[in-house]
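The values are calculated or read from the model by the stated rules, or taken from the named source; none is laboratory data. Values in this document were obtained by computation on a predicted structure and should not be read as measured data. In this analysis, Cβ positions are derived from the backbone assuming ideal geometry, glycine residues included, and neighbour counts consider all displayed protein chains. Note: areas computed on protein heavy atoms with side chains; ligands, DNA, RNA excluded. Shrake-Rupley method; radii C 1.70, N 1.55, O 1.52, S 1.80 Å.
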Amino acid sequence: MWWDSASAAELPGQKTHVMACPFDQPSADLGFDPTRALVAAQSSDDDDDSDDDDDDDDDDSSSNDDSAVASFYSPAQGCLFVSGTVAAGVTLQRGFGSAYANPGNRGWFSPNTVSGEIDITHVAKTGMGDMVTNIGLNGSGGTDAGGSNATTFSVTRASVSVGPWLAGLDSSFFDTWTGDPFSFAALTPVATTSLVGVKYDATDTSTFSFSIESPAPMRVARPATFSAMSVPDVIGRYRWSNGVLDVVATAAAHRVDFWQDVAQTQAAHDWGYAAKIYAKWNIPTEADGTYVLGQFTTGVRTPAYLGITADSGRRSRFQLSFPDTLTAKHFEHGHGWSADLVGSYAINSKWQTSAFISYLDYRWFSVQSLGAEGLAHVKAWRAAWNVAYQPINNLTIAAEAGVGSEKSNKVGGLIAPVANGTLYTGTLTLSRTF
């Protein structure tokens, strides 16, 4: 019987073996490979927060710990955690340039998005270590500048880990910072991929991880221009963290399978590579949540690993305005780099302010219409600043101002392969976690 109530009445002839979980839910924020020192630091922070809540309870005996995740525990079955997020956002934005040539994009307009996600985590103690099962479901809907409505439903996570092993649909081992705590992250589910991975705790402060992952999510060009053949991506990851400083180095090998000819009779492939260095410094302040982080990524034949996407439903800080003629033979064979810098300051337990800036530089050989061909070069950047207010636990109201720009050269002096433009945005987001 899976319910949790201290006052639950036992049914005639039955015993109630269900109670609150005696341990915390595994933190998704720490990733699959947290070091023992990082886990200990997180537990210490949670204990401090709990002590603060207890102090508050002394002042108001009727108050509860609103931050607790709903949990159900049976000694024979393990622990079940249920959590989720509901977010709604309204954006006032205006675009300039050919990237926003649609008349609806010329003036100020207000697209809106609603996103809801529920996460179910089951933890059972086994002789091989904790067996953790994760299921995440996301539904979202919104109205774009043209007044079109779109609704999507997706399984964002479905994975099982036993001890050091992880398999299923989960976050890529290449991922580090993916957009939190900004509006494009709050209103778009994090990208996940099919993978099998393993980690090794080398010391209290370091871990090594290895995974093989589906290559499909790491493609940007038009799907029809990729050949049917494919092999998994291979990713290696090293993490060092003492609980205050967190450093991650990752490397990925990705094979580009493409058609050599328009008739799609000659399949070919080339290998691409990407590498990233990431560092985050958690700065001790009176209120938790002050930090500075940065990451730098470079790659050859791996545009998606740099953060590029042409899919508006996929979370990324670089959603460029690509033409439908983008092919795997050309675009996927480029090289470039991207960089991100993020800072967040916890003013107090209710107010927080954050800012980020991201930059992208990517080059590839492009073949356009009218005989235009040659080296294409796109530069893009995006920045935002927000202020978030939490009037009560787990309810956040955030106001954000942002600007982004994309620019490319004219190949052969004729056609720019990526539309140029600048977009200014103002977003108000309300989110509730439980």
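If the requirement is being modelled with pLDDT under 85, in contact with a helix residue (DSSP H, G or I) (Cβ under 7 Å, 6 or more places away or on another chain), within 30 Å of SER161 (Cα to Cα) and surrounded by fewer than 13 Cβ atoms within 10 Å (Cβ to Cβ), which of these qualifies: ASP65, ASP47?
Within the list ASP65, ASP47, the selection yields ASP65.
VAL196: assigned to a strand (DSSP E or B), farther than 30 Å from PRO284 by Cα and either open to solvent by 30 Å² or more (accessible area, probe 1.4 Å) or out of contact with any Ser or Thr (no Cβ under 6 Å at 6 or more places or on another chain) (or both), yes or no?
Yes.
Residues of segment 220-243 being in contact with a strand residue (DSSP E or B) (Cβ under 8 Å, 6 or more places away or on another chain), open to solvent by 60 Å² or more (accessible area, probe 1.4 Å) and modelled with pLDDT of 90 or more, which ones?
Those that are in contact with a strand residue (DSSP E or B) (Cβ under 8 Å, 6 or more places away or on another chain), open to solvent by 60 Å² or more (accessible area, probe 1.4 Å) and modelled with pLDDT of 90 or more: PRO232, TYR238, TRP240.
Yes/no per residue for (1) part of a loop (DSSP other than H, G, I, E, B); (2) closer than 22 Å to ALA28 by Cβ:
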{"position": "VAL190", "(1), (2)": "yes, yes"}
{"position": "TYR238", "(1), (2)": "no, yes"}
{"position": "ALA252", "(1), (2)": "no, yes"}
{"position": "ALA268", "(1), (2)": "no, no"}
{"position": "ALA274", "(1), (2)": "no, no"}
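Is there any pair linking a residue in segment 149-170 that is in a strand (DSSP E or B) and at pLDDT 90 or above to one that is open to solvent by 60 Å² or more (accessible area, probe 1.4 Å) and of a type in the set (S, T, N, Q), with Cβ under 6 Å and at least six apart or on different chains, and which?
Short answer, once both residue conditions are applied: LEU169/SER194.
Within segment 416-434, does at least one residue satisfy the condition of being part of a loop (DSSP other than H, G, I, E, B), under 23 Å from THR113 (Cα atoms) and modelled with pLDDT under 90?
So far as segment 416-434 goes, yes, one or more of its residues are part of a loop (DSSP other than H, G, I, E, B), under 23 Å from THR113 (Cα atoms) and modelled with pLDDT under 90.
Which condition from (1) touching a Leu at 6+ places or on another chain (Cβ under 8 Å); (2) among the hydrophobic types (A, V, I, L, M, F, W, C); (3) within 25 Å of SER159 (Cβ to Cβ) is the one that ALA251 breaks?
ALA251 satisfies every listed condition except (1).
List the pairs whose first member sits in segment 203-221 and is acidic (Asp, Glu), whose second member is in a helix (DSSP H, G or I), and whose Cβ atoms are under 8 Å apart, counting only residues at least 6 apart or on separate chains?
Pairs that qualify, where the first residue is acidic (Asp, Glu) and the partner is in a helix (DSSP H, G or I), are ASP204/ARG36; ASP204/ALA37.
Listed here are the residues, each with its yes/no results for (1) modelled with pLDDT of 90 or more; (2) part of a strand (DSSP E or B); (3) out of contact with any helix residue (DSSP H, G or I) (no Cβ under 7 Å at 6 or more places or on another chain).
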residue	(1), (2), (3)
ALA304	yes, no, no
GLY313	no, no, yes
PHE322	no, no, yes
LEU326	no, no, yes
SER338	yes, yes, no
GLY343	yes, yes, yes
SER349	yes, no, yes
ILE357	yes, yes, yes
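Which one of these does ALA101 not meet: (1) modelled with pLDDT of 60 or more; (2) under 26 Å from the mean Cα position of the chain (by Cα)?
(2)
Looking only at segment 283-306, which residues are in contact with a Leu (Cβ under 9 Å, 6 or more places away or on another chain) and open to solvent by less than 30 Å² (accessible area, probe 1.4 Å)?
Within segment 283-306, LEU293, GLY294, GLN295, THR297, GLY299, LEU306 qualify.
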